[in-house]
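Following: one structure in structure tokens, then a few remarks.
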Amino acid sequence: MLDDLDRALIHALHLDGRAPFSRIAEVLGVSAQTVARRYRRLRQEAGLRVVGLADPHRAGRAQWLVRLTATARSAQDIAGALVRRADTSWVKLTSGGTEITAVIHAPAEDASPGPLLLHDVPRTGGITAVSAHCLLHTYLGGPANWRRSAQALDEEQQAALRYRESAEGVRQPGPEEAELLAALERDGRAGQGELARATGWSPTTVARRLAELRASGTLFFDVEVDAALFGVRTRALLWLSVRPADLEQVALALAGHDELAFVAATTGRTNLVAQALCRDPADLHRYLTRRLGALREIDALETSPVLRTFKAASPVLTDLERVRRGQPGKAPAGWGG
């Protein structure tokens, strides 16, 4: 389990994923060597990863949440194929092992989630049903972290570590920044020298463009860590139907629930999707019947237990790769947890 220093370091990284270890150490009252050592241990043992991501709306991208129903025999192979795609994230096995969900990233001007549904899925054996839901608006997730993974620091410490965005200089990342964003997706704390080698730019240019993207909010940093270390043993996707007039009210209420790591409005038969992270099935039952049950505006609810997360926001160190290597899986505490 995590101790107080582990939790404080994770909270600090939520506030600024690229904060120098020396600044974190000063705020936490320990040495920089201690912070660096803890960070390395959490990466190795707790699946800790800082991931640099482009805000999809400012980057001109659309996100689709795809649900694939498959035979139990073929489900893991299909999940593995999705993991290997460059345009996917948050690939999960749900609903007793017969459903795969994944986020597909596509240019915003596209009317569909790219070639996956138009060309690739129809040729894939074992799939019995497909549905695609465009993510219209995210109320919780992305830059807004799961609260229970960031409750260790007091207000003064948070103020000292929080990265402050600027409304000035807002711009979308261009094609020339693809290598920079790809390197940050692999490791959000990569040094300027490593980023310079990845992009072919000078360290000064890297620092300037990184600062511009962060200041505008176009680039943010997510923190992935094994949710089980926070007591999570039960995860579920919640598909909700809400009257359109009540959608905003319900979504904002859900975004304030500590049990949820993700809330978004979608297209499709259901118009809200959420990700619940709970201690056990009884805890999930209490949440569904008491907290969700108190929201009379919810007309229908479908609960899909998450059995395994094969791929999170980062394109590396997927759970599928760990399983193949005989290593324990680690379900991160991002939106998919």
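The values are calculated or read from the model by the stated rules, or taken from the named source; none is laboratory data. What you are looking at is a predicted structure, and each value in this text was computed from that prediction instead of being measured. So basically every Cβ, Gly included, is an ideal-geometry build from the backbone, and we count neighbours across all protein chains shown. Areas reflect the complete protein model, heavy atoms only, side chains present, ligands, DNA and RNA absent. Shrake-Rupley method; radii C 1.70, N 1.55, O 1.52, S 1.80 Å.
Structure above, values below:
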quantity	calculated
Residues that are farther than 13 Å from ILE127 by Cα and either among the aromatic types (Phe, Trp, Tyr) or touching a helix residue (DSSP H, G or I) at 6+ places or on another chain (Cβ under 6 Å) (or both), drawn from the range 65-86	GLY80, VAL83
Among (1) modelled with pLDDT under 95; (2) open to solvent by less than 50 Å² (accessible area, probe 1.4 Å); (3) not acidic (Asp, Glu) - the single one GLN157 does not satisfy	(1)
Residue match in the range 265-278 (condition: open to solvent by 10 Å² or more (accessible area, probe 1.4 Å), at pLDDT 95 or above and part of a helix (DSSP H, G or I))	no
Output for the range 279-302, where each listed residue is within 22 Å of SER149 (Cβ to Cβ) and open to solvent by 30 Å² or more (accessible area, probe 1.4 Å)	ARG279, ASP280, PRO281, ALA282, ARG286, LEU288, ARG291
Some residue of the range 53-73 being out of contact with any Ser or Thr (no Cβ under 7 Å at 6 or more places or on another chain), open to solvent by 20 Å² or more (accessible area, probe 1.4 Å), farther than 24 Å from ALA160 by Cβ and of a type in the set (D, E, K, R)	yes
Test: residue in the range 214-228 that is farther than 21 Å from ASP55 by Cα, touching a strand residue (DSSP E or B) at 6+ places or on another chain (Cβ under 6 Å) and of a type outside the set (D, E, K, R)	yes
Residues of the range 89-105 that turn out to be surrounded by fewer than 21 Cβ atoms within 10 Å (Cβ to Cβ) and polar (S, T, N, Q), as a count	2
Listing of helices (runs of 4 or more DSSP H) fully contained in the range 187-263 that carry 1 or more residues being open to solvent by 20 Å² or more (accessible area, probe 1.4 Å), over 23 Å from GLY142 (Cα atoms) and without any contact (Cβ under 8 Å) to a residue 40 or more places away in the chain	192-199, 203-215
Number of the condition not met by LEU65 [criteria: (1) assigned to a helix (DSSP H, G or I); (2) at pLDDT 90 or above]	(1)
Odd one out for ARG73 among (1) over 30 Å from THR128 (Cβ atoms); (2) out of contact with any strand residue (DSSP E or B) (no Cβ under 9 Å at 6 or more places or on another chain); (3) part of a loop (DSSP other than H, G, I, E, B)	(1)
Checking ALA81 against (1) open to solvent by 20 Å² or more (accessible area, probe 1.4 Å); (2) within 30 Å of ASN271 (Cα to Cα); (3) of a type in the set (A, V, I, L, M); (4) not in a helix (DSSP H, G or I), the condition it does not meet	(4)
Subset of the range 20-52 (residues that are open to solvent by less than 50 Å² (accessible area, probe 1.4 Å) and touching a residue at least 40 places away in the same chain (Cβ under 8 Å))	ILE24, VAL27, LEU28, LEU42, ALA46, GLY47, LEU48, ARG49, VAL50, VAL51, GLY52
